[in-house]
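Working notes for the structure below.
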């Protein structure tokens, strides 16, 4: 037996058990710190899962992917399908989730103004003529169907719009969709999720 500074006695077996518990706690803390480091360095969810698996670590705080993250991935994949550089894209999730892609095409009746492709969670995709901020955009046509079509469908819509075909000028009346469902739909058509901004 060993006398401690508080006057209690400990058996070597008890001291060993305490040391073992302390070592396990330290090891768990190190694993959590390592996992947090990996979370901060991963490019996307697939990369994160792969890195954690290789290191034998668990995700320290599994997070649901937000609409913002899914929208970022979706917009980037639509941009790639159309041939728009990422620098010409933008998205925002506030009271309304929206996205913007600047197109390098012009409308024949407004040759001094570029076209833009816009997504709105209530309206889906539409092509419009860019206007100054004080003016409302001139909407040329909406993509009919689902609010979240595949990037290939959006690319076909843009090709048709540039040729003046395959668009409807009738504003769609779509039922409101929960943001979690929008995120799931985006995950289905564009599964890679880049880091959110």
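The values are calculated or read from the model by the stated rules, or taken from the named source; none is laboratory data. Computed from a predicted structure; not experimentally measured. Positions of Cβ are generated from backbone atoms using ideal geometry, with glycine treated the same way; all protein chains shown enter the neighbour counts.
Okay, residues lined up against (1) at pLDDT below 90; (2) under 27 Å from residue 186 (Cα atoms); (3) assigned by TED's automatic domain parsing to the domain that holds residue 185:
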residue	(1), (2), (3)
7	yes, no, no
11	yes, no, no
36	yes, yes, no
75	no, yes, yes
79	no, yes, yes
Among residues of the range 185-197 being within 11 Å of the chain's Cα centre (by Cα) and under 19 Å from residue 145 (Cβ atoms), the residue modelled with the highest pLDDT is 186
Between 177, 154, which is assigned to a loop (DSSP other than H, G, I, E, B), within 26 Å of the chain's Cα centre (by Cα) and under 20 Å from residue 74 (Cα atoms)?
177
The listed residue being part of a strand (DSSP E or B) and out of contact with any strand residue (DSSP E or B) (no Cβ under 6 Å at 6 or more places or on another chain), out of 104, 146
104
